[in-house]
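The values are calculated or read from the model by the stated rules, or taken from the named source; none is laboratory data. Since the structure is predicted, the reported quantities are computational estimates derived from the model, not experimental observations. Cβ placement follows ideal geometry from the backbone for every residue including glycine, while neighbour counts extend to all protein chains displayed. Note: areas computed on protein heavy atoms with side chains; ligands, DNA, RNA excluded. Shrake-Rupley method; radii C 1.70, N 1.55, O 1.52, S 1.80 Å.
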Amino acid sequence: MSTSLAELIGQLRSGRGVAHKRDISAVVAALGIGGDSAIQVGDDCAAIPDPSGDGWLLLAIEGFLSEFVEREPAFAGWCGVMVNVSDIYAMGGRPIAVVDAIWSRDAVHGSTILEGMAAAAKVYGVPVVGGHANTRASSEQLSVAILGRATALLSSFEAKPGDVLIAATDLRGAYRPHFSNWDAASGSDPERLRGDLEILPTLAEERLCCTAKDISNAGLLGTLLMLLECSGIGAEVDLDQVPMPADADPARWLLHTFPSYGFLLAVRPSRVDEVLARFHARDISASAIGRCTAARQLYLSDDGNSAQAWDFDEEALIGCGPSPSGAPPPPRHLDLGAMPEVRTLTPLASRENA
């Protein structure tokens, strides 16, 4: 690796991706959620027991940096659908529909974003069913939310010491011009893209895996930190085993790259070969990159060298993990029926007469 291990760890701790994730801790503290509260957050979606009694409803939202929307408006629209879809699949679910909130200087500037959204909605087979629009803003901004459903969950809270960490990424792509987005989706066969994503809920439903996370703009290592914090564990990772393009800069790939298809999984050792085979059968690059440990530290190794990259006993990241006190954690997924302080909302159809 051209960047030394010490330099990589320094960049991990000071980089923009992890800095954005640090912001989460202040938000969850202000709202009184996460950590040991009754409402656990930190997964890719909120998992709410389906009122039908069959599985969970999944709810997620993504907002996009203004500079990204400005420089790549069509791709930003595409990503509005794509990254939300990935969050649903990362939880072992399947998407139902998305809604958007878009601000633009005028209808012309907003139309390019909407074209990207419409194209992705068609490719991924997920309808856009409504949202909010304002064509009199000072600049373009975008946020997209999604609803999905799962019968079996994958979660950031279920990794256990001894689990094998697997990184699965579609390397059949290239970097976008302006940012570290690895695009292996646009222009690809829609049926193949949907089939590749279907691996995740199948793993959950067949009980081959119970832990997964979508690799985000904090890169593989920043995403791994969030998974470890939520599960209250640590890990040892061999960077030489991480699948990446042959000509990619390792630091860029590990710390900043947001792949269109990229997931981290924690898998029981007896299931590793079968899980890897599911990805390899669809030409997805997947490798065992390390193992989970009981100690709440992340250690990285490269070319025979090893160093500690993070110590959760000394420093949290997103503030969503269990306390280190050893007390049993609260329910991991929102159960409105077990929370008397949560008021039932009046149905919209009844409010006119309230």
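Quick look at the numbers
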quantity	calculated
Hits in region 91-123 - residues which are open to solvent by less than 20 Å² (accessible area, probe 1.4 Å), outside any strand (DSSP E or B) and on the phi < 0 side of the Ramachandran plot	Met91, Gly93, Ser104, Gly110, Ile113, Gly116, Met117, Ala120, Ala121
Subset tally (residues that are surrounded by fewer than 23 Cβ atoms within 10 Å (Cβ to Cβ), of a type in the set (Val, Ile, Thr) and under 20 Å from the mean Cα position of the chain (by Cα)) for region 124-174	2
Given (1) over 19 Å from the mean Cα position of the chain (by Cα); (2) surrounded by 17 or more Cβ atoms within 10 Å (Cβ to Cβ), index of the condition Pro259 fails	(1)
Any hit, region 29-39, residues being under 23 Å from Val144 (Cβ atoms), free of Cβ contacts under 8 Å to residues at least 40 places away in the same chain and not charged (D, E, K, R)	yes
Test for Ser270: is it open to solvent by 30 Å² or more (accessible area, probe 1.4 Å) and assigned to a helix (DSSP H, G or I)	yes
Only listed residue being open to solvent by less than 80 Å² (accessible area, probe 1.4 Å) and either at pLDDT below 95 or in a strand (DSSP E or B) (or both), chosen from Ala349, Ala309, Ala277, Ala251	Ala309
Residue satisfying condition, being over 29 Å from Arg16 (Cα atoms) and acidic (Asp, Glu), within set Glu236, Glu158, Glu198	Glu198
So Asp87, is it part of a helix (DSSP H, G or I), crowded, with 17+ Cβ neighbours inside 10 Å and either at positive phi or touching a residue at least 40 places away in the same chain (Cβ under 8 Å) (or both)	yes
Any hit, region 104-114, residues being modelled with pLDDT of 95 or more and within 25 Å of Met226 (Cβ to Cβ)	no
Single residue of region 179-219 satisfying the filter (of a type in the set (Lys, Arg) and within 24 Å of Gly77 (Cα to Cα)) that is surrounded by the most Cβ atoms within 10 Å (Cβ to Cβ)	Lys213
Single condition Pro330 does not satisfy, out of (1) outside any loop (DSSP other than H, G, I, E, B); (2) modelled with pLDDT under 50; (3) open to solvent by less than 40 Å² (accessible area, probe 1.4 Å)	(1)
Top-ranked residue of region 45-78 - restricted to ones that are open to solvent by 30 Å² or more (accessible area, probe 1.4 Å) and in contact with a Lys or Arg (Cβ under 9 Å, 6 or more places away or on another chain), ranked as nearest to Tyr124 (Cα to Cα)	Leu57
Residues being open to solvent by less than 30 Å² (accessible area, probe 1.4 Å) and of a type outside the set (Val, Ile, Thr) - total across region 231-248	8
The listed residue being over 30 Å from Ala174 (Cβ atoms), at pLDDT below 95, aliphatic (A, V, I, L, M) and open to solvent by 10 Å² or more (accessible area, probe 1.4 Å), out of Ala295, Ala316	Ala316
Residues being part of a strand (DSSP E or B) and touching a residue at least 24 places away in the same chain (Cβ under 8 Å) - total across region 135-174	16
Filtered residue count, region 40-56, keeping only those that are touching a Pro at 6+ places or on another chain (Cβ under 8 Å) and among the aliphatic types (A, V, I, L, M)	0
